[in-house]
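What follows is a set of notes on a single structure, which appears directly below.
The values are calculated or read from the model by the stated rules, or taken from the named source; none is laboratory data. Please read these numbers as outputs of a predicted model, since none were measured by experiment. Methodologically, a virtual Cβ is constructed for each residue, glycine included, from the backbone with ideal geometry; neighbour enumeration extends over all protein chains shown. Heads up: the accessible areas ignore ligands, DNA and RNA and are worked out on the full protein's heavy atoms, side chains in. Shrake-Rupley method; radii C 1.70, N 1.55, O 1.52, S 1.80 Å.
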Amino acid sequence: MNVTPSPQTNAASVSATLNAWFTENARDLPWRRDGFGAWGILVSEFMLQQTPVNRVIPRLEEWLARWPTPASLAAVPPSEAVRAWSSLGYPRRALWLHAAAVQITELHGGVVPSDLDDLLALTGIGDYTARAVATFAYGYRHPVVDTNTRRVIARAIAGAGEPSPPSRGRDLESMGKLLPQSAQEAALFNAAIMELGAVVCTSRSPHCDVCPIRNVCAWRAADYPEYTGTRKAGQKKFEGSDRQVRGLIMAELRSTHRSVTDAELDTLWPDSVQLRRALASLLADGLAMRAQGGYTLPV
DNA sequence: AATGCGTGGGG
DNA sequence: TCCCCAAGCAT
């Protein structure tokens, strides 16, 4: 009696196999420690938005030692948050995390909310981060979809080499179909599929030889067809970009507690028009402010 | 919805 | 070397 696997049994197989694999092979990361807490998880998720794990860990531990609660961060000026962010990149995230800490303190009694809509209302929290916090900090049964999850589903389930461009509804639906019924198993699976994408089913050179779901992988079954769909637009060149100049200015502002003069800024970049443009955008973002004949981080 | 937003490591 | 990518978000 041969049984053709139904989508349900295939989904159950993938989630059970990945959860078993994850239980044995999960990396020992700070935010996975028992009792790490919702605030620590929230901070880690902010830092992990587009920044690799290994670069996040030291900054995260410093951050939580200094600001163990949302209220403690809310009590200092945003300049301190931006400075402690150091060179993690995308410093707007530091500003947004500080703003979220203020909101949590003023609107939620200093307790990181667990409700999806409450989380989404916080500055700097979008669909991924809201779901990650509700799931990993509070154990709710929500689908959590990040870039790793999207890639694993594209390959193992859809048989494509790469995911299509993100589509919120479709992404949540496809992850929802794989999600185990129990909230505890669901939370584990959300982390497990992300982990697989991060360490095995990687974007560039996937390690299919050690993949725990290689036997049910649709991409492998189809003999690894190349991706044919539309790609997301590539990043613009960084060298010579406004982003590079913004980065130089921010590094200068972080390096001192006194105000940085126009003359000092002019030494950072040869094109003064571009430098002014970058500076104006930082002022507009609230990452810099005028002070005492120069510029400082936002107090 | 397409674009802008840092930084650094790896193929 | 250069190009791609990394637990996204806001506009």
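Would you confirm whether any residue within segment A:16-30 is within 16 Å of DNA strand B (Cβ to nearest atom) and closer than 30 Å to A:Arg214 by Cα? Yes: segment A:16-30 contains one or more residues that are within 16 Å of DNA strand B (Cβ to nearest atom) and closer than 30 Å to A:Arg214 by Cα.
Residue check: is A:Glu45 acidic (Asp, Glu), surrounded by 15 or more Cβ atoms within 10 Å (Cβ to Cβ), within 20 Å of A:Ser114 (Cβ to Cβ) and assigned by TED's automatic domain parsing to the domain that holds A:Leu107? Working first, answer last.
Working: acidic (Asp, Glu): yes; surrounded by 15 or more Cβ atoms within 10 Å (Cβ to Cβ): yes; within 20 Å of A:Ser114 (Cβ to Cβ): yes; assigned by TED's automatic domain parsing to the domain that holds A:Leu107: yes.
Here the answer is yes, as A:Glu45 does meet what is asked.
For segment A:175-223, the set of residues classified as within 25 Å of the chain's Cα centre (by Cα) and of a type in the set (Phe, Trp, Tyr) consists of A:Phe189 only. The residue that is farthest from DNA strand C (Cβ to nearest atom), counting only those in segment A:27-65 that are charged (D, E, K, R) and outside any loop (DSSP other than H, G, I, E, B), is A:Glu62.
Picking from residues in segment A:251-274 that are among the hydrophobic types (A, V, I, L, M, F, W, C) and within 29 Å of the chain's Cα centre (by Cα), the one that is nearest to DNA strand B (Cβ to nearest atom) is A:Ala251. The set of residues in segment A:79-94 being open to solvent by 30 Å² or more (accessible area, probe 1.4 Å) and part of a helix (DSSP H, G or I) consists of A:Glu80, A:Arg83, A:Arg92. The numbered conditions (1) modelled with pLDDT of 95 or more; (2) in a loop (DSSP other than H, G, I, E, B); (3) within 11 Å of DNA strand B (Cβ to nearest atom) are all true for A:Gly247 except (2). Screening A:Gly109 with (1) over 28 Å from A:Ala198 (Cα atoms); (2) in a helix (DSSP H, G or I) gives one miss only, at (2). Cβ-Cβ distances below 8 Å connect the following pairs, each with a first residue in segment A:253-282 that is without any contact (Cβ under 8 Å) to a residue 60 or more places away in the chain, a second residue that is open to solvent by 40 Å² or more (accessible area, probe 1.4 Å) and not in a helix (DSSP H, G or I), and a separation of six or more residues or different chains: A:Ser259/A:Gln292; A:Ser259/A:Gly293; A:Thr261/A:Gly293; A:Leu275/A:Leu268; A:Leu275/A:Trp269; A:Ala278/A:Trp269. Number of residues in segment A:205-241 that are more than 10 Å from DNA strand C (Cβ to nearest atom), free of Cβ contacts under 8 Å to residues at least 40 places away in the same chain, charged (D, E, K, R) and part of a loop (DSSP other than H, G, I, E, B) equals 1. Within segment A:179-204, the set of residues being out of contact with any Phe, Trp or Tyr (no Cβ under 9 Å at 6 or more places or on another chain), small (Gly, Ala, Ser) and either farther than 13 Å from A:Arg151 by Cα or part of a helix (DSSP H, G or I) (or both) comprises A:Ser182, A:Gly197, A:Ala198.
Of the residues A:Asp223, A:Asp266, which is of a type in the set (Asp, Glu) and in contact with a Ser or Thr (Cβ under 7 Å, 6 or more places away or on another chain)? Going through A:Asp223, A:Asp266 in turn, just one is of a type in the set (Asp, Glu) and in contact with a Ser or Thr (Cβ under 7 Å, 6 or more places away or on another chain): A:Asp266. Within segment A:10-26, the set of residues being within 12 Å of DNA strand C (Cβ to nearest atom) and part of a helix (DSSP H, G or I) comprises A:Phe22 only.
One residue stands out in segment A:116-132 among those that are within 16 Å of DNA strand B (Cβ to nearest atom) and of a type in the set (A, V, I, L, M): the one that is surrounded by the most Cβ atoms within 10 Å (Cβ to Cβ), namely A:Ile125.
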